[in-house]
1. What's the number of the condition Ala393 fails, among (1) more than 28 Å from Arg27 (Cα to Cα); (2) modelled with pLDDT of 95 or more?
2. Taking the stated definitions as given, is Leu78 in contact (Cβ under 8 Å) with a residue 40 or more places away in the chain and more than 18 Å from Tyr135 (Cβ to Cβ)?
3. Let me spell it out: the conditions are (1) farther than 27 Å from Leu252 by Cβ; (2) under 29 Å from the mean Cα position of the chain (by Cα); (3) among the aliphatic types (A, V, I, L, M); (4) not in a loop (DSSP other than H, G, I, E, B), and Ala114 meets all of them except one. Which number is the exception?
4. I need a count of the residues in the stretch 1-18 that are within 15 Å of Ser166 (Cβ to Cβ) and open to solvent by 50 Å² or more (accessible area, probe 1.4 Å).
5. I want to confirm something. Restricting to the stretch 133-169 and keeping residues that are within 15 Å of the chain's Cα centre (by Cα) and of a type in the set (A, V, I, L, M), which single residue is surrounded by the most Cβ atoms within 10 Å (Cβ to Cβ)?
6. Given the structure, is Gln103 farther than 23 Å from Thr10 by Cβ, open to solvent by 30 Å² or more (accessible area, probe 1.4 Å), in a loop (DSSP other than H, G, I, E, B) and not β-branched (Val, Ile, Thr)?
7. Can you find, within the stretch 541-564, the residue that is modelled with the highest pLDDT among those that are open to solvent by 20 Å² or more (accessible area, probe 1.4 Å) and among the polar types (S, T, N, Q)?
8. Here are some conditions: (1) at negative phi; (2) open to solvent by less than 20 Å² (accessible area, probe 1.4 Å); (3) out of contact with any Phe, Trp or Tyr (no Cβ under 7 Å at 6 or more places or on another chain); (4) at pLDDT 95 or above. Ile413 meets all but one. Which one does it not meet?
Amino acid sequence: MCGIHAVITTGTIPDISPDLRQCLRNRGPDHFGQLYRTVPSDNTCPTWNLCFTSTVLALRGDHVAKQPLESPATGSILCWNGEAWRINTQTVSNNDGEAILAQLVATGVSSVEARESHILNTLRSIDGPFAFVFYDSESKCVFFGRDRLGRRSLLFNEAEDGSSISFSSVADVPAIVWKEVQADGIYSLRLDAQYTISGRVMTHNWLPSGENDAVSSIGGFNMTLPTEDHKLDFSSPSVDVLRHQLCESLKLRILNIPEPPDPLSDIDIRIAILFSGGLDCTVLARLTHDYLPLSQGVDLINVAFENPRQVSIDKSRPPQLQALDAYESCPDRITGRKAFDELKATCPGRYWRFIAVNVPFEEAMSHKSKVVSLIYPHNTEMDLSIAFALYFAARGMGHRYVEKTEWEPSPPIVTSQARVLLSGLGADELFGGYSRHEAAFKRGGYRSLVDELKLDVSRIGQRNLGRDDRVMANWSKEVRFPYLDEEVVRYSISSPVWEKCDFQNQFHPAVIDPAKRVLRLLADALGLPKTAREKKKAIQFGSRTAKMESHTGRLRGTAPIPPT
């Protein structure tokens, strides 16, 4: 995880504000660097002044790769925020930013068109989450963008007169209007053309011409409808195939992570899982156990909030029905403890540390202005409620449980030192886990279900992953999404619908729900029978961040956040 900031202007390069500089340092505490370039004017174009700023959270290779990265041979500059797991299908084992820069400048051609083609094809060949700004000095062109699934943040703002454009991983608000760079392609900005900034920007598709029907620019969606009844069961091939795909994805994301600097304890913990106790995250935890060395522990971060409206409802109940406290009654806390207990029983040799993050209402409100600034330009109540949960989960400070899984009155407080967070996001879109998928099947059978699933996958890049990246990276953490690995997505969209969910056969002999049935079957096969049968809950409801400031609970999620 890194922070990116870049300014391209015909005027004087402005200083980065102290607040924004600190936000960038939060994202990358291991290094802060800046490089400058000037593109001289000619008879038709003005002089351009360029400033590139990067902060680094070092998680790849055996050294801190200082950014911005600079090519000694060409003077080209790369600001890189992300993880290139594969380049041209080959796994990247060392520092990925250095490997990408080497490929970007490795061309023997001199024409602008040939250089552009080489650079675009290099960027298209990358599998993994990333955002970048790359200045190719030989063609006087700036390339920028986000990966095809939009898993990393990159914002931009353009001066009204077209004299400058700025890029940043996080916004400097409220002084400037920032917008999110769309994840629909790679953008290029020619500095030797006779146009304003907007006229110089071109969009290049992620896939070559003729392949634009691919879903999320990854592959074709299998629209095949069944001609006979298919029952998804333990013997279905898709269960083992899914396990293989997830394991390959996880190995890239959990192995060879360097130890956090200045660890606060003797326990070696490098990975934390955003842990609601639900199906998606618990399967990731269970598979992580199979590959992570036993010498390393795993933090399970479970977040719960004091929601005044829910507290009031609870107090109105008879004393014998009232909750132990506001946090232990949260749905995610209940499922989290059950899943923690199940993991300990299934994987007894692993050091699992359950961190119960309890957030009082007043503490949440004291951080509200910070969270609102991080999610900008997003600004709805739903954005805020989701961001609250992710923000405090990423901070990782809470009550520690190791030996016992049930509530204790005064367990020690710890803060997770893990710099890598695993998230189960994406499984619902890929395998039919939302209630709207079942509703689509009831409405129009497999045809409607397939259309709904295709639409969901195609919109992943338009979702709010950039927002989530900004919120969690504020704590010097990098979130990784094993379900959104390109190979896992490609497998899912190429599979027939009956190998993912099974709404045609609502009843299963083992009492396993039809939604995401392939993943539920895998969980059961992995020794997680309780987890396999858990119902889905959205994060804002499971942690009770939804409508915390609403006395009636009638506030719409799409309502804008009121000014403070």
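The values are calculated or read from the model by the stated rules, or taken from the named source; none is laboratory data. All of these numbers come straight from a predicted model, not from anything done at the bench. Neighbour counts are summed over all protein chains in view; Cβ atoms, including those assigned to glycine, are modelled from backbone coordinates with ideal geometry. What goes into the accessible areas is simple: the full protein's heavy atoms, side chains included, and nothing from ligands, DNA or RNA. Shrake-Rupley method; radii C 1.70, N 1.55, O 1.52, S 1.80 Å.
1. (1)
2. Working: in contact (Cβ under 8 Å) with a residue 40 or more places away in the chain: yes; more than 18 Å from Tyr135 (Cβ to Cβ): no.
So Leu78 does not fit the description; no.
3. Answer for Ala114: the failing condition is (2).
4. The number of residues fulfilling the criteria is 4.
5. Our first condition is that a residue be within 15 Å of the chain's Cα centre (by Cα); within the stretch 133-169, this holds for 146-154, 169.
Of the ones still in play, those that are also of a type in the set (A, V, I, L, M) are 149, 154.
Numbers: Leu149: 24, Leu154: 29.
Across the stretch 133-169, the extreme among qualifying residues is Leu154.
6. no
7. Filtering the stretch 541-564 for residues that are open to solvent by 20 Å² or more (accessible area, probe 1.4 Å) and among the polar types (S, T, N, Q), the one modelled with the highest pLDDT comes out as Thr558.
8. Condition not satisfied by Ile413: (2).
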